[in-house]
1. When you scan region 52-67, how many residues do you find that are outside any helix (DSSP H, G or I) and surrounded by 14 or more Cβ atoms within 10 Å (Cβ to Cβ)?
2. Please list, ordered by first then second residue, the pairs with beta carbon atoms under 8 Å, 6 or more apart or interchain, first in region 29-55 and polar (S, T, N, Q), second assigned to a strand (DSSP E or B) and open to solvent by 10 Å² or more (accessible area, probe 1.4 Å).
3. Can you pull out the residues in region 156-180 that are loosely packed, with under 14 Cβ neighbours inside 10 Å and under 17 Å from A236 (Cβ atoms)?
4. Suppose we filter V52, V28 for residues that are at pLDDT 70 or above and in contact with a Lys or Arg (Cβ under 7 Å, 6 or more places away or on another chain); which single one remains?
5. Restricting attention to region 61-77, report how many residues are over 20 Å from H137 (Cα atoms) and either touching a Cys at 6+ places or on another chain (Cβ under 7 Å) or at pLDDT 95 or above (or both).
6. Kindly indicate the residue of region 193-230 that is free of Cβ contacts under 8 Å to residues at least 24 places away in the same chain and assigned to a loop (DSSP other than H, G, I, E, B) and also least open to solvent (accessible area, probe 1.4 Å) among those meeting that condition.
7. Would you mind stating whether R128 is at pLDDT 90 or above, open to solvent by 60 Å² or more (accessible area, probe 1.4 Å), closer than 30 Å to V28 by Cα and out of contact with any strand residue (DSSP E or B) (no Cβ under 7 Å at 6 or more places or on another chain)?
8. All but one of (1) open to solvent by 60 Å² or more (accessible area, probe 1.4 Å); (2) assigned to a loop (DSSP other than H, G, I, E, B) hold for R189; which doesn't?
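The values are calculated or read from the model by the stated rules, or taken from the named source; none is laboratory data. Every value quoted in this text rests on a predicted model; they were computed, and no experiment measured them. Cβ sites come from the backbone with ideal geometry, for glycine too, and all protein chains shown count toward neighbours. Quick note on the areas: whole protein, heavy atoms, side chains included, nothing else; ligands and nucleic acids left out. Shrake-Rupley method; radii C 1.70, N 1.55, O 1.52, S 1.80 Å.
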Amino acid sequence: MTTLQGFRDWFVDRRSGVSRGHADNAFVVGLGRFGVSLATTLVDLGVEVMAVDIDESRVNEWVGKLTHVRVADTTSAAALRQLNVNEFDAVVVAIGSNIEASILTVSALDEMGVDNIWAQAATEEHRRILERVGATHVVFPEKQMGERVAHIVTGDVIDYFELDKGFVLAEIETPPFLAGMPLGASEVRRKYDITVVCLKPGGGAFTYATADTVPQEGDIMVVAGTVEAAEKLIDASMKGR
């Protein structure tokens, strides 16, 4: 969710809700697992995708399945110009294994004036270099998915998304100590530094939470806050069961 939804909504001012122009088209570099997953999902979302890879066999595999597919060495600024990379709303460098090619590609894009560059990083050092050479967004697909699954596997969390570094949305069962009283009276925000975003009663649908909302045991609750605050609430919930 973080990578795809964040990419799709990059041009939307979240405070005002005013669109600055959706990413209607995207240039994806690399047809490995992450690149393919990203590109195919973006196509499903209605985004026009140009996908490139230096490996001709990978490109041939996706001809006819993606909007446009080309063989190209993206470390070359000349090759990127021929593909009109500047005409795309955003570029995603999904090169995970070849760190040198990843860095050189981002650097070439930055030198060409591309201002919305998403890049996949393998390590923290890789991330720092990508940011220095021009990446505007850096993601760790495997690390982020591993952290999400780890939280779910423990059984403490139904779902878990990192919206930004250190800030998460967690979907949990309503803790017993929050059940049966209005959220405002429970002072959950003051005690746990957590905001309850919405609530889903058994058999019902999600609705926005307010200070007057009264959650019940068995309800599903979506909370937002720092990783530390979310884990504090989850720990307290498990101890109270």
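1. Residues of region 52-67 outside any helix (DSSP H, G or I): 52-55, 63-67.
Restricting the remaining residues to those that are surrounded by 14 or more Cβ atoms within 10 Å (Cβ to Cβ) gives 52-54, 66-67.
Of the residues in region 52-67, 5 are outside any helix (DSSP H, G or I) and surrounded by 14 or more Cβ atoms within 10 Å (Cβ to Cβ).
2. So the pair list comes out as T40/L66.
3. P176, G180
4. Numbers: V28 fails: in contact with a Lys or Arg (Cβ under 7 Å, 6 or more places away or on another chain).
Criteria check complete, one pass: V52.
5. Taking region 61-77 and keeping what is over 20 Å from H137 (Cα atoms), we get 61-73, 76-77.
Narrowing the set further to residues that are either touching a Cys at 6+ places or on another chain (Cβ under 7 Å) or at pLDDT 95 or above (or both) leaves 69-73.
Qualifying residue count, region 61-77: 5.
6. Selected residue: G204.
7. Values: at pLDDT 90 or above: yes; open to solvent by 60 Å² or more (accessible area, probe 1.4 Å): yes; closer than 30 Å to V28 by Cα: yes; out of contact with any strand residue (DSSP E or B) (no Cβ under 7 Å at 6 or more places or on another chain): yes.
Against the criterion (at pLDDT 90 or above, open to solvent by 60 Å² or more (accessible area, probe 1.4 Å), closer than 30 Å to V28 by Cα and out of contact with any strand residue (DSSP E or B) (no Cβ under 7 Å at 6 or more places or on another chain)), R128 qualifies.
8. Of the numbered conditions (1) open to solvent by 60 Å² or more (accessible area, probe 1.4 Å); (2) assigned to a loop (DSSP other than H, G, I, E, B), the odd one out for R189 is (2).
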